[in-house]
Amino acid sequence: MASNEVRKDYLLNRWVVIAKDRKKRPTDFAKKDLLKKEGICPLCPGNESMTPPAVLVYLSADGEIRKEKDQNGFRHKEWLLRVIPNMYPVFTPPTKKNVLIKESPELARAVGHHEVIIESPCHDEHPATARVSQLVHVINAYLDRLAVLSKKSYVKYVSIFRNHGPEAGASLSHPHSQLIATPFVPAIPEEELEASKRFWNKNSECLFCNVLKKETAGPRFILENSSFVVFAPWASVNPLEFWVLPKRHRSNMLSMSGGEVKDLAETLRVCLGGLRSLLNDPPYNFGFHTLLSEDARDCYHWHLEVYPKLLTWAGFEKSTGMFINMISPEDAAAELRAAVQAEKKALK
Ligand SMILES: [Zn+2]
Ligand SMILES: [Zn+2]
Ligand SMILES: [Zn+2]
């Protein structure tokens with residue numbers, strides 16, 4: 001029997017075994033339907049008082065978007081989108097002006113922000129089936145909050161992520177994403193930045209721009225439009241994982257133009273729609289990697305990583321940080337490419 005490949009990530013010192021001979025097909029991971037039971041949804045319109053006051057509300061005003069906040073106990077109604085502080089925040093704003101974040105090399109304060117972006121007033125308008133116009137609001141809300149939080153002196157990184165389905169950590173089924181602003185750059189983006197710097201110093205080229213060229217023409221390619229390329233990464237840790245890379249080199253997603261926001265909305269809609277139709281609405285997580293610091297500007301390239309949650313990591317993965325993926329990224333890309341094309345056609 002031929003041995004499996006062990007592949008290294010483009011940037012991280014992270015290795016994954018592509019265990020092709022486990023003979024799994026991508027569609028073997030299709031989700032089985034379970035009976036749903038649910039109580040009152042605190043994120044639905046009419047239940048605004050069940051949540052903390054919104055830090056940002058999008059309201060429709062004569063075809064324009066008006067941006068407001070909930071103030072003095074008042075809660076805006078008839079909203080298109082709301083951003084609220086998380087009811088159980090993991091990171092909380094500092095109480096004193098000159099907050100001491102690192103108390104010792106081993107101890108720091110979890111100072112920052114933790115917010116929930118309620119993506120739609122409709123209880124089941126998830127990105128895979130959403131109106132593209134609604135996803136434009138969602139991305140604009142990410143950018144609005146990123147702009148505000150990244151100006152705070154104690155914020156060094158802002159993670160924007162989404163958990164879909166209870167198996168992927170979503171405790172509420174109403175469509176929502178989250179944002180956590182942290183007082184230092186977490187390990188994975190930090191390691192990505194270091195690797196990007198090394199590549200830049202050696203080649204005077206951005207590593208991601210280089211990957212973009214390779215993957216656009218290769219066997220892992222999934223989708224391209226005027227602003228983005230989607231592909232299954234070479235060393236995918238998760239079966240059916242895909243990344244969305246902007247064509248324009250920028251380290252920070254705050255630089256997005258209106259056209260790019262629209263293109264990203266459409267990209268999310270057809271890619272997550274394709275994943276949904278392929279595997280019967282599987283659980284997934286996604287996270288943006290976007291860096292705020294000046295030293296990231298030339299060498300780093302913001303992107304979105306989408307991780308379908310089809311497996312449970314067990315003893316080997318947990319104890320070694322090395323992974324086993326039984327769907328090769330090439331097979332994953334072929335299935336996703338077809339599903340995403342079908343989704344694109346249906347959308348038109
Ligand atoms: Zn709801
Ligand atoms: Zn680049
Ligand atoms: Zn990344």
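Taken over the stretch 144-195, residues that are hydroxyl-bearing (S, T, Y), open to solvent by 40 Å² or more (accessible area, probe 1.4 Å) and farther than 20 Å from D295 by Cα amount to 2. Within the stretch 185-199, residues that are within 16 Å of ligand 2 (Cβ to nearest atom) sit with their Cβ atoms under 6 Å from residues that are among the hydroxyl-bearing types (S, T, Y), at 6+ positions apart or across chains, in these pairs: L193/Y300; S196/Y300. Here S319 clears all of (1) farther than 23 Å from I139 by Cα; (2) among the hydroxyl-bearing types (S, T, Y); (3) assigned to a loop (DSSP other than H, G, I, E, B) except the condition numbered (3). Taking only the stretch 25-75 into account, find how many residues are in contact with a Leu (Cβ under 8 Å, 6 or more places away or on another chain), charged (D, E, K, R) and either part of a strand (DSSP E or B) or modelled with pLDDT under 95 (or both). Qualifying residue count for the region: 4. Considering the stretch 237-263, and only residues there that are open to solvent by less than 10 Å² (accessible area, probe 1.4 Å) and away from ligand 3 (no atom under 16 Å from the Cβ), the residue that is farthest from I222 (Cα to Cα) turns out to be V261. Restricted to the stretch 60-84, and to residues there that are open to solvent by 100 Å² or more (accessible area, probe 1.4 Å) and without any contact (Cβ under 8 Å) to a residue 24 or more places away in the chain, the residue that is farthest from H123 (Cα to Cα) is N72.
Screening P233 with (1) within 16 Å of ligand 3 (Cβ to nearest atom); (2) at pLDDT 95 or above; (3) open to solvent by 10 Å² or more (accessible area, probe 1.4 Å) gives one miss only, at (3).
Check whether at least one residue in the stretch 301-308 is under 16 Å from V138 (Cβ atoms), away from ligand 1 (no atom under 16 Å from the Cβ), within 19 Å of the chain's Cα centre (by Cα) and not small (G, A, S), and report yes or no. Looking through the stretch 301-308, at least one residue is under 16 Å from V138 (Cβ atoms), away from ligand 1 (no atom under 16 Å from the Cβ), within 19 Å of the chain's Cα centre (by Cα) and not small (G, A, S).
The values are calculated or read from the model by the stated rules, or taken from the named source; none is laboratory data. In this text the structure is predicted, and so the values were computed from the model without any measurement. Virtual Cβ from ideal backbone geometry, glycine too; neighbours counted across all protein chains shown. Side chains included, ligands, DNA and RNA excluded: accessible areas come from the protein's heavy atoms. Shrake-Rupley method; radii C 1.70, N 1.55, O 1.52, S 1.80 Å.
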